Each structure stands twice: as C-alpha cells, then as structure tokens.
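**Q** Structure in structure tokens, see below.
The values are calculated or read from the model by the stated rules, or taken from the named source; none is laboratory data. Because the structure is predicted, anything quoted here is derived from the model rather than measured. Don't worry about glycine lacking a Cβ; one is built from the backbone with ideal geometry, like all the others, and counts go over all protein chains shown.
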Amino acid sequence: MLEYERLEMGYCMGFLDGNLNEILSYVKEAYTKVYGIQYKKLITDRIDSGVYICYDKDSDSDFYDKCLKSGFKLDHEYTRLYLDAVKDDGNLFVMHARGKDGKPIGVMFLPISKELDGQVEFAFLHECGHIIDISNFEANGFDLYGDFHYVNPSDYREYERFNEALTDIFALEVIDVLHDANIYFAEGKNDLVSNTEEINTTFQMKEIVRVLLDNYRDEIIYSKLTGDYSVLFNKVGKDNFEKFNNIINQVQCLIDGGLFIDGDNDLFAQYYGFLEDLEMVYNNMNKYSSKSI
C-alpha cells in the first residue's frame, strides 16, 4: 500500500517535491482509467507540462523568485502583486499561464499546511483535473474565462458551477481508482473525511450533473478536455444545455441562500420546482439525442 507518512513539519500539499513525480504518475494512470485510454497522451502531456510550486506561505521569502524560475509567464503587468496575493492567500489552486513555448499550461500552487482536514487528497486531485482541462487560454473545461457574465446573486461565472461539479465527480472517480489499488496521497486512510460527496459542491448538485453525465459521458468528457463544446451541443441541443445550466445556477443560488441549512419552505418549493423543470430538460435532451442518431 502506498501511503505517505506525516512529517513533523506537517503535510505539504506539494507532497514534499521528492514524491511529487511518483504521485503524478499515479494521477495520470487513474485519470486515464476514468476518462478513457484514448486520452492517455493528452492527460500525460498536460500533467507533465504543468508547473507545481510547493511553498510555505509563512516562511518562504523567495516565493516570487521561485515562481519566476519555474518558467511560466502571466499575461498582465501586475505579476508581482498577483503572486504576492497568491502567497498570502495560501490556498491550493490552479491558474492559467504561458509555458516556455508560449502554449497554455496550468500552474498549481501547493502550500504547506500543518492542519489536516481530511480533504487534501480530494483538493489535489480536483486541481489536477483542472490542469488536464486546460486546452486554451479562454476556458478551463466548460468554465469560460472570456466573454462570461456573473450569475447573481452568487457571483459565479456562467458555467462555473457545472464545471466544478463535473470536476468534483471525476476527482471522486479517480479517488476510487486509487483507493482500490490501496494508494493514498497526503492523508492516511483513516484521516480522510467520510462524506466526500459534500466537498466543494453539494451532493445534490453532483446528483443533478450525474444524470447528464450518465447519459452523455463520452460527449461531456470530449468537450471538457478539448474545449470543443459542439460535440455535446450537437448531441443534446445547445438550447437544452443552456436551460440545464441555468437551472444549475438557480439551484446554486438557493443553496447559497441556505436551502439545506435553514430548511425554509419557500426555498424548498423553488428547489422542487427547478427539479421538475430539470426533468423536462432531460426529456428534451433525450428527444433531441434520438433525432441526432
């Protein structure tokens, strides 16, 4: 069983650099099993081209120089201020950048954490999913960074919640592949949170997206990895997809408004109304799909 030990300094989300290449080799294998062997080269190339910066936000005084030496470039003049903010924030996340060849790559910031919350493994694999999704500078998977508008009142990008739920679901599938092989990252087997379905996006949001994924898995994976959404739109209908995504955003607004916390009857009435609307959208997608065969 591969299970990295806790060190006295605490867990490093970069898995202590020396282990990172080994861990990424398992990540590539697991994502290939989840997405399909036809994407093995794509997954390998994108993970290998990614930049992984491990740092301690409290004591890493050379963070900026470490970033510059990593070889990625940012397309704005406030690079120093931006990277200083990244360090101060201290969160594990991925951003777009230009590689040495000018092509889009993912840069993952991996802060050292002395706190163990049982979610480090999931967060790391989720962010690996974002690195694999980077096919251009304008989007990550379905999440558009260009001509987007924010969804009020939650201030999410238009396709952000759909993309996040998808990335969560695939990360959970990858975790299952790894754990079936007795492979554990960062946390030990007994340190993991028991209910991973509630991390990042809620279980209910994941279930909404799973219905679509179960029916159009191949088209969703292809569109997510290549940035060519026409494959999915041609299968389910672009208007149907937009209606589906709009319902996701409306449900997210209800969740942010306390749907599953306060148990407000009015919120639940709206929620069940959206679920009924979803059934109609699913049916319309199925009808559209049957015509496209």
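**Q** Would the range 92-101 turn up any residue that is more than 18 Å from the chain's Cα centre (by Cα) and more than 30 Å from Glu173 (Cα to Cα)? I'd like the intermediate steps shown before the answer.
**A** First, pick out the residues of the range 92-101 that are more than 18 Å from the chain's Cα centre (by Cα): 98-101.
Those left that are additionally more than 30 Å from Glu173 (Cα to Cα): 100-101.
Yes, the range 92-101 contains at least one residue that is more than 18 Å from the chain's Cα centre (by Cα) and more than 30 Å from Glu173 (Cα to Cα).
**Q** What residue, of Ile248, Ile175, Ile221, is under 19 Å from the mean Cα position of the chain (by Cα), in a helix (DSSP H, G or I), modelled with pLDDT of 90 or more and over 22 Å from Tyr31 (Cα atoms)? Let's see the steps before the verdict.
**A** Details: Ile175 fails: over 22 Å from Tyr31 (Cα atoms); Ile221 fails: over 22 Å from Tyr31 (Cα atoms).
Only one candidate passes the filter, namely Ile248.
**Q** Continuing with this model, one more query. Pick from the range 231-256 the residues that are β-branched (Val, Ile, Thr) and within 15 Å of Thr201 (Cβ to Cβ): which of them is surrounded by the most Cβ atoms within 10 Å (Cβ to Cβ)?
**A** Just the residues of the range 231-256 that are β-branched (Val, Ile, Thr), to begin with: 231, 236, 247-248, 251, 255.
Adding the requirement that they be within 15 Å of Thr201 (Cβ to Cβ) leaves 247-248, 251, 255.
On the way: Ile247: 18, Ile248: 25, Val251: 22, Ile255: 19.
Looking at residues that are β-branched (Val, Ile, Thr) and within 15 Å of Thr201 (Cβ to Cβ), I get Ile248.
**Q** Further, regarding this structure: Checking Val151 against (1) surrounded by 20 or more Cβ atoms within 10 Å (Cβ to Cβ); (2) hydrophobic (A, V, I, L, M, F, W, C); (3) at pLDDT 80 or above: exactly one of these is not met. Which one?
**A** The number of the failed condition is (3).
**Q** Residues being of a type outside the set (Phe, Trp, Tyr), over 30 Å from Leu213 (Cα atoms), in contact with a Lys or Arg (Cβ under 8 Å, 6 or more places away or on another chain) and assigned to a helix (DSSP H, G or I): count how many of those fall in the range 26-74.
**A** If we filter the range 26-74 for residues that are of a type outside the set (Phe, Trp, Tyr), which is where we start, we get 27-30, 32-34, 36-38, 40-51, 53-54, 56-62, 65-71, 73-74.
From what is left, the residues that are over 30 Å from Leu213 (Cα atoms) are 53-54, 56-62, 65-71, 73-74.
With the extra rule that they be in contact with a Lys or Arg (Cβ under 8 Å, 6 or more places away or on another chain), the set shrinks to 53, 57, 60, 71, 73-74.
Then drop every residue that is not assigned to a helix (DSSP H, G or I), which leaves none.
Within the range 26-74, residues that are of a type outside the set (Phe, Trp, Tyr), over 30 Å from Leu213 (Cα atoms), in contact with a Lys or Arg (Cβ under 8 Å, 6 or more places away or on another chain) and assigned to a helix (DSSP H, G or I) number 0.
**Q** Take the conditions among the small types (Gly, Ala, Ser) and either touching a strand residue (DSSP E or B) at 6+ places or on another chain (Cβ under 9 Å) or closer than 20 Å to Asn21 by Cα (or both) and apply them to Ser70. Does it pass?
**A** Criteria met by Ser70.
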